[in-house]
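Taken together, the values in this text are just the output of simple stated rules run on the coordinates, not laboratory data. The structure displayed is predicted, hence computed values, not measured ones. Using ideal geometry, Cβ is built from the backbone for each residue, glycine included, and neighbour counts are taken over all protein chains shown.
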Amino acid sequence: MLGYLAPMSREWDAVTYDRVADPQARWGAGVIGRLDPAARRVLDAGCGSGRVTEQLLDRLPEAHVVALDASAQMLDAACRRLARYEGRVSFVNADLREPLPLHEPVDAIVSTATFHWVPDHPALFRRLAAVLVPGGQLIAQYGGAGNIASIARALAVIGDPLPGRWTYPEPGPERRSLLDAGFVDVRVWLQPEPTAFEAGEPFETFLATVVLREHVALLPEEERRDFVRSVAALLPGPSLDYVRLNVVARLR
Ligand SMILES: C[S@@+](CC[C@H](N)C(=O)[O-])C[C@H]1O[C@@H](n2cnc3c(N)ncnc32)[C@H](O)[C@@H]1O
């Protein structure tokens, strides 16, 4: 059974996400490998159900991690997953579209599979810079130019109720925005990650929970499964043409 959510919610089906987000967890491992091991206070911006946060806590055993997310369900799932790290992790329910309510600045910010959900990256980078210590690291990965173009094509055929919902930037403008926000030593690059799924229900559940989450939330319950199936039927197969955009930068 597909787990669907109330319309217009910023909530996620965190239990299902935690189960199906193997690609995100795999990519996350590569991202946190770029983190300076000397960081002692790290923000995970968009921690989701905590699978990447967990890897982060294991990689930096001396660090305190602030796990931030807009979704209370995701934070509940992260809290359960990360219970054994009590004292080394704190949770913040906040929106990356607004100034971040951190009491102390952090040495590093990590973010995986999140910034494409946040509009206006120049403003986002300024908000992130405001909570970083001078010299602090920003290590992020999110959807970049060309990401899941097959989904955009399928939605255009069906009629997309949320056109332009995601921000999938080119590296050039993203680099410019980072420099303007005060970052230096900026590296930005695209990383194609074509990803295959098990056909049928596993692929449809992934689409409904992650990629088409907001689209299905707009529909009445009885139309959701058919919508996801009609998108899947327009794809070349049970796979997604993911393209990740990587950011490595340091605050001046
Ligand atoms: C695909 S999940 C990624 C979670 C985790 N980082 C991972 O890689 O598995 C995206 C996360 O970003 C969060 N998110 C999206 N927009 C946000 C915003 N404006 N403010 C805070 N969190 C946001 C969602 O609630 C969700 O938990």
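Charges at C-beta only: +1 for Lys and Arg, -1 for Asp and Glu. How large is the resulting dipole of the chain about its Cα centre, in Debye rounded to 20? Intermediate values should be presented prior to the final figure.
Values: 27 positive and 32 negative charges, 145 e Å.
For this selection, approximately 700 debye.
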note = For segment 130-252, averaging the sequence separation of alpha carbon pairs under 8 Å that lie six or more residues apart and dividing by its residue count, the contact order in percent is 52 percent
query = So what does the Cα-only Debye profile of segment 1-130 read at q = 0.10, 0.17, 0.23 Å⁻¹, as log10 I(q)/I(0), no solvent term?
reply = -0.29, -0.88, -1.60
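Kirkwood hydrodynamic radius, segment 111-252, all distinct C-alpha pairs: what's the number in Å? List each step's numbers first, then the result.
Values: mean 1/r = 0.0612 Å⁻¹.
When all Cα pairs of segment 111-252 are included, the Kirkwood radius is 16.3 Å.
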key: Segments 12-18, 106-112 sorted - mean Cβ within 10 Å per residue, highest first   = 106-112, 12-18
note = Per the C-alpha gyration tensor (a ≥ b ≥ c, the square roots of its eigenvalues), segment 155-204 is rounded if a/c is under 1.5, else prolate if a/b beats b/c, else oblate; here it's oblate
query = DSSP beta bridges in segment 97-252, what fraction antiparallel, as a percent rounded to 5?
reply = 75 percent
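Can you tell me the order of 144-150, 181-187 when each peptide is scored by its average per-residue count of other Cβ atoms within 10 angstrom, highest first?
Details: 144-150: 18.1, 181-187: 16.6.
Ranked from most to least packed, the peptides come out as 144-150, 181-187.
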query = If amide H atoms are built 1.01 Å from N in the plane of the peptide, which residues on other chains or at least 5 residues away come under 5 Å of the amide H of V106?
reply = L132, V133
message = Check which residues have an amide H placed less than 5 Å from Y242's amide H, if you skip close sequence neighbours.
response = I148, E193, T195
query = If you bin every alpha carbon distance in the chain into 10 Å steps from zero, what whole percent lands in each bin?
reply = 7, 32, 37, 20, 5, 0
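Using only C-alpha atoms and all pairs of different ones, pull out the Kirkwood radius for segment 25-85 in Å with one decimal.
Working: mean 1/r = 0.0866 Å⁻¹.
One decimal place: 11.5 Å for the Kirkwood radius.
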note = One checks the Cα atoms of segment 113-186 and finds Rg and Dmax, in Å, of 14.5, 48
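If R0 is 22 Å, what FRET efficiency do you get for D185 and A130 from their C-beta distance, rounded to 0.05? Show your work: numbers first, answer last.
Values: r = 19 Å, r/R0 = 0.86.
E between D185 and A130, to the nearest 0.05, is 0.70.
For segment 64-112, take the alpha-carbon Rg, divide it by the Kirkwood Rh, and send me Rg/Rh.
Values: Rg = 10.9 Å, Rh = 11.6 Å.
Rounded to two decimals, Rg over Rh is 0.94.
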ask   = Could you give the distance between the Cα centres of segment 85-162 and segment 34-50, to the whole Å?
value = 12 Å
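What does the C-alpha gyration tensor say about the overall shape of segment 62-172? Classify as rounded when a/c is under 1.5, otherwise prolate if a/b is larger than b/c, or oblate. List each step's numbers first, then the result.
Values: a/c = 2.39, a/b = 1.61, b/c = 1.48.
In terms of gyration-tensor shape, prolate.
Kirkwood Rh over alpha-carbon pairs of segment 189-252, then Stokes-Einstein at 4 °C and 1.567 mPa s: what D in µm² s⁻¹, rounded to an integer? If you can, show how the numbers build up before the last one.
Values: Rh = 13.4 Å.
In µm²/s, the coefficient rounds to 97.
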Residue-wise HN-Hα coupling along segment 237-250, computed from phi with Karplus coefficients 6.51, -1.76, 1.60 (Hz; x: Gly, Pro) = x, x, 8, 10, 8, 5, 10, 9, 10, 9, 10, 10, 8, 9
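Rank-order 200-212, 154-166 by packing density, defined as the average count of other C-beta atoms within 10 Å over each peptide's residues, highest first.
Details: 200-212: 19.8, 154-166: 13.0.
Order by mean packing, descending: 200-212, 154-166.
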